[in-house]
Each structure stands twice: as C-alpha cells, then as structure tokens.
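Reading through the structure tokens given below for one structure.
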Amino acid sequence: MADHAAATSTLPSSNFDAVIVGAGFAGLYMLHRSRGLGLKVRVFEVGAGVGGTWYWNRYPGARCDVESMQYSYQFDEALQQEWEWSERYSGQPEILSYANHVAREDIQFETRVESVHFDEETERWSICTDRGNPVSAQFVIMATGCLSSTNMPDIPGMDLFAGDIHHTGQWPHGGVNFDGKRVGVIGTGSSGIQAIPLIAEQSEHLTVFQRTAQYAIPAANRPLGADEQADVKAKYPEFRAENSLYPNAFSLRMPLNETSALDVDDDERHREYEARWREGGFTFSWSFGDLGLDLDANATAGEFVRGKIRELVRDPDTAEKLCPDTVLGCKRLCLDTGYFETFNRPNVDLVDISKQEIDRITTNGIETGGREYKLDAIVFATGFDAMTGTLLAMDIRGRDGLTLQEKWSAGPGTYLGLGIPGFPNLFTISGPGSPSVLTNMIVSIEQHVDWIADCISAMSKRGHRTIEATLDAEENWVEHVNAVANETVYPACNSWYLGANIPGKTRVFMPLLGFPPYVEKCDEVAANGYEGFTLT
Ligand code: NA7
C-alpha cells in the first residue's frame, strides 16, 4: 500500500538528476522508471495525495469512460494480476485507491511548482516552489496532466453569492451535502452529465444551465464479473498488446464496422446504431467507418441520438433543448447513466443559455434572460483549460530567458508532444501534439514515460548532457498534427481540443489523432539517434 513520504517543507535544498511535476498516473510511473535508472529524483505535487485527476475530481458520479480492465497500468504484471476491479467502468474512489496502492516515496505533497528556469552555464534547471527550498535538476519532467487547470468562468457577481460554489474539478474531500438545497449546475460536458443525475437525487431542486446540448451514450455500467476479469488476466499481456493497435489505444466491445453509414439503408443503419446503443460505451462511435470523417455520415448518428433523447424525455420542449445539433464526437462523446431520464423528475429544470448567457450571479442565485433562479449552491461543471493551462501557469523559462508563454503565444508548439525547442532536458508527458486525451490516457502515459526514461538512459550511456528539439522538427510536427486533424470532423466545433472553451486562447488542434503511427514515429526517432533533437 501507499508508502509515500509526508508533505514537508523541511527537506534540504538539493540537486536532483530529475524533478517530476505532478503525482498523477504519469508522475507515479515516471518516478518508478527514474528510480529504476538509479536517478536521484523528487516529485512535487500540489495535492495532499497521489492520483491527479482522480484526486481532484470527486464530484458525485465521477467515473472513468474507459473500461477498468484497460484503464490501469500494464508495466507490472504482478500489479495487473493482483488488483481487482469491481465495475465495468471504475468510479473515482476505486481509481484513487488504486493510485495509492502503487504510490512510492520521494513525493513532496502540498507543494506547487512556481518557476522552472534553465541556467545555460550549468545546463541545469532551477525549480522554485511555494514551499521555498529551491532545487536544481538536470531533467524536468512535466507530468502535470491534460485536464488539471479548472476553467472558472468570469461571471459578474460571483463574490456576492450567499450560498456555496463548487467546481467539479476541485470537489471538497468530505463531499457536499445537497439535502434540502436548491442547486444550480452550469455545464453539461462529461462532468456535468455524470454529476447531474446524482445531484438531482440528493437535492430538493436542481436547475441545469446548458450552453451547448451534448451527445451522451449509455455507459451501461455494471458490476464486473469475476469470470470476465479472470479471462482478461489470463492473457493480459496479449490483451494489452492488441489494444495498443487501435487508434485510441483501447478496444471496444464491438468491432469497428468499416462500412460507410451512407452505403446502407435506413433499417440497417438503425439496427447497427441500436445494437451499439444497447451495448453502451464508445463502441457507438464505431458504428460505421466514416462517422469521424464525413459530416453527412456523422449526421445520421446525430439523428439517431436525437431520436433516443425524444423517446427518453417526456416533455417535448425539454427534449428539444437537450437535442444536440453539433457534430457527434467532435466534442468528446459523453457516457451517461440516466442523464436524459433525469429531466423527467419533477425537481429538475433545464435552462437553455445557448442564446442568452448568464448575466450575473446575485446574492440569491443566477440571473439570465431577465429571470433570477434562486439557489443555495452552484456547481460549475465548466471543464478545464486543457493541455496547456497548467504548464502556462508556471513561470517556465528556457534558453535566453525565453518564457513558455512567449514561446507558445501562437499556440503550443512541440516536437512529438515531448520536447520544446529552447527548453532543453524538459519533457512533457502527454503534451500537446501527442495522442494523449484522444487515447486511453494510461497507455499514452506509459508510452511517453518509457520513451523519456529510455532517452535519459541512452544519453547517460553516450555521455550526452542535453537534448533539445529543433525548430524545424517542431514546425513540421505542428503542421503534421493539424493536417491529420483536418482530415476528420474534429475541427468542426468549439471543443477544448481546440482551446475554444477558454476566452482568448489560441485556436489550435492540440492532440494528435492515431496512437499506433505515433508510437512508430517515436520509436523511429529514438532508433535514429533522436532525430529532430540536438544532443550535446
Ligand atoms: P467540458 O467537456 O469542457 O464541459 C464543460 C461544460 O461547461 C460545457 O457544457 C460548456 O459549454 C460549459 N461551459 C463552459 N464555460 C461556460 C460558461 N462560461 N457558461 C456556461 N457554460 C459553460 O468539461 P468536463 O469537465 O465536463 O469534461 C472534461 C473532460 O473530462 C471530458 O471531455 C472527459 O475527457 C473527461 P460549451 O460546450 O463550451 O458551450
């Protein structure tokens, strides 16, 4: 079980081989590999415990949308054999227990990294935290997560509200008692869609403020049978290897149907969608081969889901408001448990704010469309400043004092999502330009950590002190990431993949589609002596 070091501000100032920022799944595995290489290493983590996403997102209903037998580490056969998952999709408490189970020492908790500066003379990074005791390190590895900076909209009057305000991504550890309360939820992405059915059950009245109606497919969560679990464990390495061959690095319960949605008649199309709707999960997006490529094909899937919403929601006006009109999947598809049915409850109301924003928050609630909604608590399920927010919140300075903010002023440029020109020996795990959020995150994390650890080991064997991505490599890579996205429907809506959810953020498609070719490219780069990087 967990044997991590207690948070402390009394650790002596020190020099490390590597500093890792963040103790989520990326930081924990990077720590494990670094220790294996014999590096002197320290992890800094803002939270009081490990788990990253699963430490912070404790809202009711928080659950992974990748199945349990796949959303777990594969680097340690004993670990993947010994851990027992209880449900098809794991809930937040269970994933957090798992993270604690694998935790190791050398983590300094409740410590926020404030600045990371490169010293060209010593070729080392100097790292300052809010606890004082600056440290230095040859390597800095950003394991800061893709969805770790919460997006709190700047709505006038926020400080006037007399009730409680919570963000799903910073949920109180003791939980929140909504008993007898009038609650407002702003936001209907994955977090809102998971939390709303449970908050509806717990509260006296719930008002949902919806800016964009979202597609949600039933998760069809259920207890995970012992036999099913044992079957996977009997061939876990083969199961993992096969899953990593899929574009998203995870397999689904029904295979991809490669037919075009436009090449079949209405009945056949309906049968395919219906079967996958019943199976539950992302398998729906594999109903036809061109849903992610062709807007007309995609529209047929959207129409099917709207039909389901109209069947599930009794009040026709509410049903229409809940019907999305965007491209299915270009904002991350949500998996739900009783979400649409929740709007049949007498204590739940839906307020459409797509045309009329929230005007202000008042002492008593939320004002929009000339009406005040009286509330005792407001839940912001408004998401994250994804992929770059946490990195840009730190004062990171590379060669010539270049700040990361300056470097990324026109959007996040990286090479492979791993390295940034001007920032030698600084690695980003699941950084922008890598498949990251479009995959099973743990698989992507393990691939990045292994690549970085192997790189550090190769550098040490070959006597190199620094590694730095070249500008050419970065430019070509950014172009490649965008070219791949532009062949799909992904850029067709205002998603956080594009940074479009944050006012003023540069609009660039950040993750790379397609895990297997990416892995091939990373392996090729390493095999060719870290092509695209300069080594000294
Ligand atoms: P998301 O998916 O970014 O959803 C945020 C929701 O909040 C979405 O419905 C937004 O509407 C809404 N939002 C954001 N800002 C505002 C303002 N200012 N006013 C009203 N509504 C707003 O975040 P989640 O936490 O649900 O999920 C993040 C990821 O976690 C998810 O994709 C999975 O990978 C797990 P919008 O659609 O922008 O109009």
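With the simple model of a label 7 Å out from the Cα in the direction of the Cβ, residue 279 to residue 325 spans 3.2 nm.
Residue ranking by accessible heavy-atom surface, 1.4 Å probe, largest first, among 211, 33 comes out as 211, 33. Accessible surface for residue 481 stands near 10 Å², nearest 10, in the context of the full protein assembly shown (1.4 Å probe).
Approximating the spin labels as points 7 Å out from Cα along Cα→Cβ, the residue 133-to-residue 471 distance works out to 4.0 nm. Taking amide H as placed 1.01 Å from N in the peptide plane, residue 368 has its amide H under 5 Å from the amide H of 359, 373, each at least 5 places away in sequence or on another chain.
Full extension of the chain between residue 374 and residue 82 yields a length gain of 100.2 nm, computed as 0.36 nm times the residue separation minus the alpha carbon distance. May I ask you to list the lysines whose Cα is less than 20 Å away from that of residue 235, ignoring any residue fewer than eight positions away on the same chain? Residue 235 reaches no qualifying lysines. In summary, region 288-358 shows an alpha-carbon radius of gyration equal to 1.22 times the 2.2 N^0.38 Å reference for compact globular proteins.
Cross-link partners for residue 233 among the lysines, with Cα-Cα distance under 28 Å and sequence neighbours closer than 8 places in the same chain left out, do not exist in this structure. Considering the zone a paramagnetic label at residue 236 would reach in this model (a point 7 Å from Cα along the Cα-to-Cβ line), which residues of region 58-89 have amide N under 13 Å from it? Label zone hits: 69-85.
Relative contact order of region 352-425, taken over Cα pairs closer than 8 Å and 6 or more residues apart, is 15 percent. Filter 181/321; 40/461; 407/505; 308/355 down to the pairs with a C-alpha to C-alpha distance above 20 Å, please. Pairs exceeding the cut-off: 181/321; 308/355. The calculated pair-distance distribution of the chain uses every alpha carbon pair, bins of 10 angstrom beginning at 0, and gives 4, 18, 28, 27, 17, 6, 1, 0 percent.
Using 7 Å Cα-to-Cβ label points, what is the residue 360/residue 461 separation (nm, one decimal)? That separation, rounded to one decimal, is 6.6 nm. With R₀ fixed at 56 Å, the C-beta to C-beta distance from residue 260 to residue 405 puts the FRET efficiency at about 0.80.
Over all distinct Cα pairs, what is the inverse of the mean 1/r for region 117-214, reported as the Kirkwood hydrodynamic radius in Å? Show your work: numbers first, answer last.
Working: mean 1/r = 0.0578 Å⁻¹.
Mean inverse Cα-Cα distance, inverted, gives 17.3 Å.
Taking a straight line from the alpha carbon of residue 521, these aspartates and glutamates sit under 12 Å away, with near neighbours fewer than eight places off in the same chain left out: 531.
DSSP beta bridges in the chain, what fraction antiparallel, as a percent rounded to 5? Don't skip to the answer; put the middle values down first.
Numbers: 24 of 63 bridges.
Around 40 percent antiparallel, to the nearest 5.
For region 350-360, 3J(HN,Hα) computed residue by residue from phi via the Karplus equation (6.51, -1.76, 1.60; θ = phi - 60°) reads 10, 10, 7, 10, 5, 9, 10, 4, 5, 6, 6 Hz, glycine and proline entered as x.
Working ranking of peptides 455-463, 469-477 by packing, defined as the average number of other Cβ atoms within 10 Å per residue, highest first, is 469-477, 455-463.
Normalised by the number of residues in the chain, the average gap of Cα pairs under 8 Å and 6 or more apart makes the relative contact order 19 percent.
Please report the projected area of region 450-536's Cα convex hull averaged over all directions, in nm².
Values: hull surface 27.8 nm².
Mean shadow area of the hull around the Cα atoms is 7.0 nm².
In this structure, residue 227 and residue 17 have a Cβ-Cβ separation that, at R0 = 51 Å, corresponds to a calculated FRET efficiency of about 0.65. Counting only whole DSSP H helices of the chain, the ones at least 27 Å long by C-alpha along their axis and with mean Kyte-Doolittle hydropathy no lower than -0.5 are 441-462.
Solvent-accessible surface of the chain, taken per residue with a 1.4 Å probe and all protein chains present: 41 Å². Stokes-Einstein diffusion for region 232-346 at 25 °C, viscosity 0.890 mPa s, with a Kirkwood radius from C-alpha pairs, works out to 157 µm²/s.
I need to check one value: relative contact order of region 359-480, counting alpha carbon pairs closer than 8 Å and at least 6 residues apart, in percent.
21
Of all accessible surface on the chain at a 1.4 Å probe, what whole percent is carbon and sulfur? Of the solvent-accessible surface of the chain, carbon and sulfur hold 48 percent.
Rolled with a 1.4 Å probe across the full set of protein chains, the surface gives residue 337 an accessible area near 100 Å².
Between residue 121 and residue 315, the contour length at 0.36 nm per residue exceeds the Cα-Cα span by 63.0 nm.
Accessible surface of residue 308, taken over heavy atoms with a 1.4 Å probe and every protein chain present, rounds to 20 Å². Remark: accessible surface ordering of 238, 303, 94 (largest first) is 238, 303, 94, probe radius 1.4 Å.
The values are calculated or read from the model by the stated rules, or taken from the named source; none is laboratory data. Note that the coordinates shown come from a computational prediction; the quantities given were computed from them, not determined experimentally. FYI the Cβ positions are ideal-geometry reconstructions off the backbone, even for glycines, and counts take in every protein chain you see. Surface accessibility is based on the protein's heavy atoms, side chains included, excluding ligands, DNA and RNA. Shrake-Rupley method; radii C 1.70, N 1.55, O 1.52, S 1.80 Å.
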